Amino acid sequence: MKRWRNLSLRVRLTLLYVGLLALLLAVLGGVLYWDFQNFLLESTATRLRAQAKPIIDEASAAAAPLEHAQTLARDLTSRETVALIIGPDGETVAVGKTLPEEPAPPPPDPAYDARALAGENEVTYVAQMNGQRYLVLLIPWRSAPGSPDILGVIQLSTPLAPIENILLRQKLMLGLGMMLTLLAGLAGGLWLTSSALKPLNQMTETCERIAEGDLSQRVNLPEREDEIGRLAQAFDHMVARLEAAFAAQRRFVANAAHELRTPLTAIRGSLEVLMRGAQDDPAATSRLTQGMYREVVRLSRLSEQLLDLSRIGAGATIHKQPIDLQAFFDDFLYQARLLARDRTVTLDAGDPVTILADPDALMEMLFNLMDNAVQHTAENGIITLGWRTTPESVQLWVADDGEGIPADDLPRIFEPFYRGDSSRSRRQGGSGLGLALVQALVEAHGGRITVESQPGQGARFTITLPLTMRDVDPLEKIG
Ligand SMILES: Nc1ncnc2c1ncn2[C@@H]1O[C@H](COP(=O)(O)OP(=O)(O)OP(=O)(O)O)[C@@H](O)[C@H]1O
Ligand SMILES: [Mg+2]
């Protein structure tokens, strides 16, 4: 069994196919051969009986027919057939063979003779004598055609050699035909499996090249809609996604290193100035240390954001529990107003609902969105928070009337480290991880986040979280 599995698929498929074909041919050939043999024996028997019938009828018509038994036997005998007449007691009454070229009759078989003597008309069997096979027919010899009075049994026998020759030829032809069909089947099977499996070999080679690190490789099969074509497409699709994921990861690491370098360079510069003696100037020292403090704060915020992102990526930090949105937003509104300073923050509350979510994560999502809204609106801007429920989901949003997001930026703002121009130019800008974090948290809850924005007309971020039956407040349903 193990050896069988070690064979290549091509060989296995071909062997299986040829084996089945051989079995089918053998059965078909056997049936054909058997049927043909029966046909030859039956047609010979029928012909001999038909030839003998008028001769026997004529002999029966004579007076005292038994006395003419020898003449009858002689009349029924030819180079092909020899007749033997058996009396009612099983004794041989007459033998037709007189000439040497006439075939010898096989000895009578009492069992079959008894059946013919009992009146059975169609007793036919194959007898063996001196290594030769004979077809033997028994005909009850009746005193008149159809009469129950049986005088004896006429045994006609003919050697089977001519029939056996025809059958042998038939066997050879069948065998040859089978061999040719099997050879054609083998060649066809090999060709078919090789051409069907070729793309698989191609895929294996591609896989090997990819394993060596070249993710730009593709199988690129010419259009085909069969199973292998679909496999190749799925494979190419998978590699493309892997390639994109690896590229994103490389970008991420490069960006992270870059983000770390900026504050570190600033701190290093300040320290160098201090070491060169600036500590003697209290004003310069205070400015430098304050600057360094800001950079360190930025660094620790960055490292926390990075840690959060990687933890969510590993899927470990979500602890869902029921949250009453009304109560949650009441809490959050207070902090949002502190953050917004002079800006107006309003709440557009939806139906009361209890959702299943991680409260810390929910807080972090809204906090980040709120932070962005504050960053990108004027001092007297308006920020709206709110939620709506649908039968399957709840939507939470944070909208502002600030500067909005340019269309070119829209598809990229959720990428880690991506910042719009306005944020980049600002001295105290963030690292661009906020929205990436929000998106990771939303997705960890099975939801999604979308953004709508027109430059100059503000932005609206909408978080959609799925609502299972368990999330819905029973009181709300009754109400
Ligand atoms: N409400 C908004 N209005 C206008 N632009 C926005 C708004 N929210 C996000 N953006 C744009 O999307 C970019 C990415 O936002 P994100 O929160 O990821 O980073 P950030 O706020 O610059 O930095 P961080 O959040 O890490 O402090 C921002 O730089 C800004 O250009
Ligand atoms: Mg932000």
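The values are calculated or read from the model by the stated rules, or taken from the named source; none is laboratory data. On a predicted model such as this, the values are computed, not experimentally measured, just so you know. Methodologically, a virtual Cβ is constructed for each residue, glycine included, from the backbone with ideal geometry; neighbour enumeration extends over all protein chains shown.
Values for this structure:
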item	result
Filter result for L271 (assigned to a helix (DSSP H, G or I) and within 25 Å of L433 (Cβ to Cβ))	no
Only listed residue being among the charged types (D, E, K, R), at pLDDT 95 or above and more than 7 Å from ligand 1 (Cβ to nearest atom), chosen from R427, R388	R388
Only one of L356, L366, L339, L347 that is within 29 Å of G313 (Cβ to Cβ), more than 12 Å from ligand 1 (Cβ to nearest atom) and at pLDDT 95 or above	L366
Failed item, numbered, when A63 is tested on (1) closer than 28 Å to A127 by Cα; (2) out of contact with any helix residue (DSSP H, G or I) (no Cβ under 8 Å at 6 or more places or on another chain)	(1)
Within segment 391-409, tally of residues that are near ligand 1 (Cβ under 9 Å from one of its atoms) and farther than 17 Å from L338 by Cβ	7
Filter pass, G269 being loosely packed, with under 13 Cβ neighbours inside 10 Å and more than 60 Å from the chain's Cα centre (by Cα)	no
Flag if P105 is assigned to a strand (DSSP E or B), closer than 15 Å to A73 by Cα and in the same structural domain as N38 (by TED's automatic domain parsing)	no
Residues being modelled with pLDDT under 95 and near ligand 1 (Cβ under 8 Å from one of its atoms) - total across segment 437-452	1
Condition met for R311 (without any contact (Cβ under 8 Å) to a residue 24 or more places away in the chain and closer than 23 Å to L437 by Cβ)	yes
Residue in segment 149-161 that is of a type in the set (D, E) and in a loop (DSSP other than H, G, I, E, B) present	yes
Total residues in segment 239-254, condition of a type outside the set (A, V, I, L, M) and surrounded by 11 or more Cβ atoms within 10 Å (Cβ to Cβ)	4
So R298, is it among the basic types (K, R), in contact with a helix residue (DSSP H, G or I) (Cβ under 6 Å, 6 or more places away or on another chain) and part of a helix (DSSP H, G or I)	yes
Close pairs from segment 360-383: first assigned by TED's automatic domain parsing to the domain that holds T346, partner more than 12 Å from ligand 1 (Cβ to nearest atom) and among the acidic types (D, E), Cβ under 6 Å, at least 6 apart	E379/D342
So D421, is it at pLDDT below 90, of a type in the set (D, E) and outside the structural domain of S303 (by TED's automatic domain parsing)	yes
Test result for A378, within 12 Å of ligand 1 (Cβ to nearest atom) and surrounded by fewer than 19 Cβ atoms within 10 Å (Cβ to Cβ)	yes
